[in-house]
């Protein structure tokens, strides 16, 4: 089992990551604004399935890595902390986030077919993004402690939390799409402060985890 302190830190890190404007947020906002909240929630389901897939692949990889080369696991752990710091720098340097509704209307199709297409769009947007798998692969090992029990079950526990927190944020974005997109476009200074704050938070997490 993952310790309570590590679990709280993990959830805090996820909140920072999911609150950062990126491809997944843009997809949900665009879908909800252009096609309605139901379609936005459907895209969120696709994203959730994709994240669960990435977590499963990461769990298998981390368990195998620790079993065959514990010393390499430590290298991955420190490398992961460095990657978190790299993400923080990229966030700090990222351009302003803009949301533009999809042009045109949805092609004529049955409701079931349209929902399937939206689900697949959400699934493939995240599933085919190598950065998403890389993020899971380097984030999860930071919170795993071999002395706390079987590594696979620790990663599975963290993975469930990752998917659940992501689902909560995705649902909030889908329901509040119009208001969120308006705020993001209207207040560029707020975006700047957001990037600085989240960058500093991620660097803090990277330092804490590399020294733990």
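Bear in mind these aren't lab numbers, they're just calculated from the coordinates by the rules spelled out. Being a predicted model, the structure only gives us computed values, none of them experimental. So basically every Cβ, Gly included, is an ideal-geometry build from the backbone, and we count neighbours across all protein chains shown.
Round to the nearest 0.05 the FRET efficiency obtained for residue 187 and residue 7 when R0 = 35 Å and r is the Cβ-Cβ distance.
On the way: r = 33 Å, r/R0 = 0.94.
My answer for the efficiency is 0.60.
As a footprinting exposure proxy, order 121, 39, 186 by other Cβ within 10 Å, with the fewest listed first. Let's see the in-between values first.
On the way: 121 16, 39 24, 186 9.
In increasing order of surrounding Cβ atoms, one gets 186, 121, 39.
Could you line up 182, 42 from fewest to most neighbouring Cβ atoms inside 10 Å? Before the final figure, lay out each step's value.
Numbers: 182 13, 42 24.
Fewest-to-most Cβ neighbours within 10 Å comes out as 182, 42.
Which FRET efficiency, nearest 0.05, do residue 207 and residue 71 yield, Cβ-Cβ r, R0 30 Å?
Working: r = 22 Å, r/R0 = 0.74.
According to the calculation, E is roughly 0.85.
How far, in nm, would the chain grow between residue 38 and residue 113 when pulled straight, counting 0.36 nm per residue and subtracting the alpha carbon separation?
Values: separation 75, 0.36 × 75 = 27.00 nm, distance 1.36 nm.
In short, 25.6 nm is gained.
At what distance in nm do the modelled label points of residue 160 and residue 134 sit from each other, each positioned 7 Å from its Cα along Cα→Cβ?
Going from the residue 160 label point to the residue 134 one covers 3.0 nm.
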